[in-house]
1. Which one of the conditions (1) over 23 Å from Ile226 (Cα atoms); (2) buried (at least 18 other Cβ atoms within 10 Å of the Cβ); (3) not aliphatic (A, V, I, L, M) does Glu130 fail to meet, given that it meets all the rest?
2. Take Glu182 and tell me if it is buried (at least 21 other Cβ atoms within 10 Å of the Cβ) and either assigned by TED's automatic domain parsing to the domain that holds His132 or modelled with pLDDT of 95 or more (or both).
3. Quick one: which residue in Lys259, Lys241, Lys271 is assigned by TED's automatic domain parsing to the domain that holds Gln12, at pLDDT below 95, among the basic types (Lys, Arg) and within 22 Å of Ser54 (Cα to Cα)?
4. Restricting attention to segment 288-318, which residues are among the acidic types (Asp, Glu) and either farther than 24 Å from Val50 by Cβ or at pLDDT 90 or above (or both)?
5. Do we find a residue being among the charged types (D, E, K, R), without any contact (Cβ under 8 Å) to a residue 60 or more places away in the chain, over 29 Å from Ser49 (Cβ atoms) and exposed (fewer than 14 other Cβ atoms within 10 Å of the Cβ) anywhere in segment 319-332?
6. If I ask for residues that are within 20 Å of Gln170 (Cα to Cα) and in a helix (DSSP H, G or I), which ones from segment 95-121 would you list?
7. Which residues, counting only those in segment 320-353, are more than 22 Å from Ala34 (Cα to Cα), in a helix (DSSP H, G or I) and modelled with pLDDT of 90 or more?
8. Of all residues in segment 95-124, how many are of a type in the set (A, V, I, L, M) and free of Cβ contacts under 8 Å to residues at least 12 places away in the same chain?
Amino acid sequence: MTNTHKLDLRLQNVPQDIWKDIAAIDELKGRWTASASLHPQVLSRLKRSVLITSTGASTRIEGAALSDKDIEKLMRGLSIEKFKDRDVQEVKGYFELLQNIFDSWQTLTFSESTIKHFHKELLKYVEKDEQHRGNYKTIENKVHMINEKGQSIGILFDTVPAYLTPIAMQTLTEWTVKALKEKSYHPIITIGNFLVEFLQIHPFQDGNGRIARILTNLLLLKEGYIFIPYVSHEKLIEDNKPEYYLALRNSQKTFNTKKEDVASWMQFFVKVILLQSQMAVNLLTSETIEKILSPIQLAVWEYLQKVKQATPLDIAKNTSVARPTINQVLNKLLKFKKIERIGLGRSTRYRLI
């Protein structure tokens, strides 16, 4: 039986109950795409925050010690000398690589050469990894569970032998590209299957978990889940780290048996994306609206909170916002379902819902 057959066969065991979650994700994806015409400055601010959060979470999962505040200082060029050089080097590489994904995902292609290039970029500042960055492993590695102190608390599973890694990665990447192109499965199922197999192969000497999370961001973005840069996937993994390890282990221990079973991993992976999509849509609908409005939009919003109702002319006079801009802001607040329109024509007024 070929590896390609194996990758397809295991998907016969995907539990039916996850389809409800996948349908919910796609509904939320549609709502984000339809509603998220946020001001570019707002999106930029959200993206910057997620870059810091995701970098912190992804490197802490692997045992780094920097907090989000430390990472923010580092990215502003401030010295944080109390940390090991390696922690700082790994953080800088992850931040820059993820930033590239968020900014350029539309022009990036998914391939084996891309994966190797990402690995090289991830570790480009890490001096100890200079010899193997961008290359598959040449010695055996095992997957360890890491605690908060960065210490191994046990081996999760053995990985694919080094001499089999190149063919395993070629097979996996080709299968993934074909499955996504031909829509053989729902893209979330295909991406989930890629990730659980990638982490089982563990193709690099170091950085496999971080590369897996980088690739998660890229693949989901390329499949149209464009809310990804505005809610941190990595943070949700960090917050559910025991469940993450357990789901991986439960699925991967069945690999290379007569009945491979990805149910445990798929349920975890889909739940994380569902939560991520819910949090993204909540940015548009919850009380955090103040955080995602531009200064001009915020001025209109705050004025409407002070009055029972107002015409666009009233709003323009009291906020010093240009009359044509008022219409744009009001349309945005209507989309967010934060205000309602009363009357028609010149007597049109607006009030909070």
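The values are calculated or read from the model by the stated rules, or taken from the named source; none is laboratory data. Bear in mind the structure is a predicted one, so any value in this text is a computation, not a measurement. Cβ sites come from the backbone with ideal geometry, for glycine too, and all protein chains shown count toward neighbours.
1. So Glu130 meets the others, but not (2).
2. On the way: buried (at least 21 other Cβ atoms within 10 Å of the Cβ): no; either assigned by TED's automatic domain parsing to the domain that holds His132 or modelled with pLDDT of 95 or more (or both): yes.
Considered against the rule, which asks whether it is buried (at least 21 other Cβ atoms within 10 Å of the Cβ) and either assigned by TED's automatic domain parsing to the domain that holds His132 or modelled with pLDDT of 95 or more (or both), Glu182 comes out as no.
3. Lys241
4. Scanning segment 288-318 gives Glu302, Asp314.
5. Yes, because at least one residue in segment 319-332 is among the charged types (D, E, K, R), without any contact (Cβ under 8 Å) to a residue 60 or more places away in the chain, over 29 Å from Ser49 (Cβ atoms) and exposed (fewer than 14 other Cβ atoms within 10 Å of the Cβ).
6. Glu112, Ser113, Thr114, Ile115, Lys116, His117, Phe118, His119, Lys120
7. Passing the criteria: none in range.
8. Restricting attention to segment 95-124, the residues satisfying the condition of being of a type in the set (A, V, I, L, M) are 97-98, 101, 108, 115, 122-123.
This time we only want the ones that are free of Cβ contacts under 8 Å to residues at least 12 places away in the same chain, so: none.
Matching residues across segment 95-124 total 0.
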